[in-house]
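Right, one structure below, let's go through it.
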Amino acid sequence: MKNLIYNLNSLHDFQDYGIDIPLLNTRVQSTLEYLKDKINLIESEYPSISKEDLALAHNEDFIKKVLNNPDGVVLETYELVDNKGNYNRYNPNLRKKPLNDFVKKAKLHIAGTYLTCEMALKYKFAYHLGGGMHHAMSFKPGGFCMFNDLVISLRKLQKEKKIKQAIIIDLDCHKGDGSAEILKKDPTITTLSIHMKNGWPLDAEGVLKDGSVNPSFIPSDYDIPIDEKDDYLHNLKTKLEEIDFSLYDLALVVHGADVYEKDILESSSGIKLSKDEVLERDLLVYRLLSESKIPQAWCLGGGYGPNTFEIYVQFLKISLSKYM
């Protein structure tokens, strides 16, 4: 099955690294368990990701930090040090595996998203059970996202002359602030983000103490901020209908399941859609892109707790059925 991309080496259990974050890989494992009797699952061989590939989205200082102090980058990515310099949710004495494993795993997420984009160009649709690291900015990681696999993958394809124009459709509950920051002056990749109007990462001040703009507030090309009174599906449909999809060679969709009412992450509580509403959202995007004949690559994005796999399964049952 060339349309479903995954590599189990990209998964991790935080407890093995002395990290007390109760987020496991059950969403991927449960999705694969459900699909195993329905399609021929083949673990994907991912291409390697180079320093030059990282530089497609990230600046030299950040890449040097990754090379010279990978443990420090991991601590920053997963917010394991508080503002007083003390460990937060991290006990190195309980660590069974080296922290720098996370750098290798983050590169696997890039490689998986890149491969998914390649498969989408060939088969019109492909899905990556990984990726969606949309909070990583040009100069730093953030929000559990080390590298921005979305931007790196699309710019790598551009560099290889496989595409010219692309669009990122970000359906995660949280704003795709890293993608917006990196691509703010790039007219070749359009960003759309539908996200909580209030709440992380937009719960800080828009202007920092030094007078600079908080980079999380840099606008996407199309932002759809949502609060409790808004009609999520109507607002998304209306905005999508404004876009001329014939301009794009590829759409990369961040399939955020953290909008699901059964998602357990507290910072995702600003949007609560039913299972049926999430499927309606997903099929709205899938069918619009299919009708526009735009190759579409999908990746996971956020989704937390034992029930979010239901969101991936219900969508994959329909989207993959065409290719089985």
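Between CYS173 and residues 5 or more places away or on another chain, which pairs have amide H atoms under 5 Å apart, with H built 1.01 Å from N, and which residues are they?
Here ASP258, VAL259, GLY302 satisfy the definition.
In whole Å, largest first, what are the principal axis extents of the Cα atoms in segment 263-324?
Principal axes ranked by extent give 37, 22, 19 Å for the Cα atoms.
What's the lysine pair count for segment 1-121 at a Cα cut-off below 23 Å, pairs eight or more apart or interchain?
Lysine pairs meeting both conditions in segment 1-121 amount to 23.
Express the relative contact order of segment 204-324 as a whole percentage, based on alpha carbon pairs under 8 Å and six or more residues apart in sequence. List each step's numbers first, then the result.
Working: 124 pairs, mean separation 33.1, N = 121.
After rounding, I find 27 percent.
Can you give the percent of C-alpha pairs in the chain whose distance is more than 28 Å?
Working: 18748 of 52326 pairs.
Looking at the chain, the distances longer than 28 Å represent 36 percent of pairs.
So how much accessible area does TYR260 have, in Å² to the nearest 10, using a 1.4 Å probe?
Per-residue accessible area (TYR260): approximately 10 Å².
Give a residue-ordered list of calculated ³J(HN,Hα) values for segment 87-95 (Karplus: 6.51 cos²θ - 1.76 cosθ + 1.60, θ = phi - 60°; whole Hz; x for Gly, Pro).
With coefficients 6.51, -1.76 and 1.60, one gets 4, 10, 6, 9, 10, x, 5, 9, 6 Hz.
Pull up all non-local amide H partners of LEU250: gap of 5 or more, or a different chain, and H-to-H distance under 5 Å with H placed in the peptide plane.
Under 5 Å from the amide H of LEU250 lie the amide H atoms of ILE167, each far enough along the sequence or on another chain.
Relative contact order, percent, of the chain when contacts are C-alpha pairs under 8 Å separated by at least 6 residues? Intermediate values should be presented prior to the final figure.
On the way: 631 pairs, mean separation 65.5, N = 324.
With pairs under 8 Å counted, the relative contact order is 20 percent.
Just the number please: accessible area per residue for the chain, 1.4 Å probe, all protein chains included, in Å².
For the chain, the solvent-accessible area averages 45 Å² per residue.
Could you work out what % of the accessible surface of the chain is carbon and sulfur, using a 1.4 angstrom probe and leaving DNA, RNA and ligands out of the count?
On the way: 7160 of 14640 Å².
In the chain, the share of accessible area belonging to carbon and sulfur is 49 percent.
Check which residues have an amide H placed less than 5 Å from ASP20's amide H, if you skip close sequence neighbours.
When sequence neighbours closer than 5 places are left aside, the close amide H contacts are TYR90, ASN91.
With only alpha-carbon atoms counted, please give the Rg and Dmax of segment 1-61, in Å.
According to the Cα coordinates of segment 1-61, Rg and Dmax are 15.7, 47 Å.
For Cα pairs less than 8 Å apart in space and 6+ apart in sequence, what is the mean separation divided by the residue count of segment 187-245, i.e. the relative contact order in percent? It would help to have the intermediate numbers written out before the result.
Details: 47 pairs, mean separation 23.5, N = 59.
In percent, rounded to a whole number, it is 40.
Treating the beta-carbon of each Lys and Arg as +1 and of each Asp and Glu as -1, no other charges, what is the dipole magnitude of the chain about its Cα centre, to the nearest 20 debye?
1060 debye
Determine how large the accessible area of GLU310 is when every protein chain is in place; take a 1.4 Å probe and give Å² rounded to the nearest 10.
40 Å²
The values are calculated or read from the model by the stated rules, or taken from the named source; none is laboratory data. No experiment lies behind these values; they were computed from the predicted model shown. FYI the Cβ positions are ideal-geometry reconstructions off the backbone, even for glycines, and counts take in every protein chain you see. Accessible surface areas use protein heavy atoms only, side chains included; no ligands, DNA or RNA. Shrake-Rupley method; radii C 1.70, N 1.55, O 1.52, S 1.80 Å.
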